[in-house]
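To keep things clear, I will list the structure first and then write my remarks on it.
The values are calculated or read from the model by the stated rules, or taken from the named source; none is laboratory data. For clarity, every value in this text was computed on a predicted model and none was experimentally measured. FYI the Cβ positions are ideal-geometry reconstructions off the backbone, even for glycines, and counts take in every protein chain you see. The area values use the complete protein model at the heavy-atom level, side chains included, leaving out ligands, DNA and RNA. Shrake-Rupley method; radii C 1.70, N 1.55, O 1.52, S 1.80 Å.
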Amino acid sequence: MKRITESESNHHDLDSKSTRDLLIGINEEDHTVPLAVEKEIPQIEKLVDECVERMRDGGRLFYMGAGTSGRLGIVDASECPPTFGVPHGMVIGIIAGGDQAIRKAVEFAEDDREQGWKDLEAFKIAEKDIVVGIAASGTTPYVLGALEQAKRKGILTGGISCNPGSPLSQLADIAITPVVGPEFVTGSTRMKSGTAQKLVLNMLSTAIMIRLGRVKGNRMVDMQLSNEKLVDRGTKMVMDATGLDEVKANELLLKHGSVRAAVEAFNK
């Protein structure tokens, strides 16, 4: 299989270019990424709708990946509780090599075809859950092994990769494959491929949470009040919704713990 993600860069003699020329070249390549993601909206839509149906019934969303792909899944999963006020176990990111691999690469962890499913079993994965494999190449054994077992158990699978026709895109029930072309530095998939995966994950989790009722209008009404900036933002949201002054809105917010709860208490 020809891997587009490993193909020769369109830019040559990088080590002889000026800083400005390097930055312009990287930026030129980055312009292509949203267009590649746009073509995958129908597939992203399918996955969102399937996830919403299962998560309304108590299902969980699992992201599986190695290296950059695994870290991107963990970032997206970890942002869901503070942003949308959902439990930490609702969206779960798993990386080959375990948590230590978030900061430092664990050699050959991605090559273990059995470990991915073992990592899922530790969470007592069930049929109503969803497993989304993330792998720029679409060939990562850790991810493929996990998805193979998930499918055997009747669990819905999704795949996010950047190589059309890859094993991951063929294996996943719903394959999302933004084709971003060669990387600026040949084979460095933390660049355009990583950006494309991040954009897809943003779309996936945000649309799911909105569909699950975790946003009202365009406001994060269930966000956790974990710092002064968010308390200030929440206070302004309560002021807008109730007409209260800042002091009373802040008191109401802190008493009830979320914008949604504060506004509902005011309206009773």
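General remarks:
- In the range 186-210, the residues that are in contact with a helix residue (DSSP H, G or I) (Cβ under 7 Å, 6 or more places away or on another chain) and of a type in the set (A, V, I, L, M, F, W, C): 196, 199, 200, 201, 203, 204, 207, 208, 209
- Selection count where residues are in a helix (DSSP H, G or I), in contact with a strand residue (DSSP E or B) (Cβ under 8 Å, 6 or more places away or on another chain) and either open to solvent by 40 Å² or more (accessible area, probe 1.4 Å) or within 19 Å of residue 222 (Cβ to Cβ) (or both), scope the range 86-108: 1
- Filter result (surrounded by fewer than 18 Cβ atoms within 10 Å (Cβ to Cβ) and hydrophobic (A, V, I, L, M, F, W, C)) within the range 60-85: 75
- Of the residues examined, residue 138 is one that is small (Gly, Ala, Ser), touching a residue at least 12 places away in the same chain (Cβ under 8 Å), open to solvent by less than 40 Å² (accessible area, probe 1.4 Å) and not in a helix (DSSP H, G or I).
- Scanning the range 18-38 for residues that are outside any helix (DSSP H, G or I) and either surrounded by fewer than 14 Cβ atoms within 10 Å (Cβ to Cβ) or not assigned by the TED database to the domain that holds residue 203 (or both) returns 18, 31.
- Selection from the range 213-260 of residues that are assigned to a helix (DSSP H, G or I) and open to solvent by less than 30 Å² (accessible area, probe 1.4 Å): 230, 231, 234, 235, 237, 238, 242, 249, 253, 259
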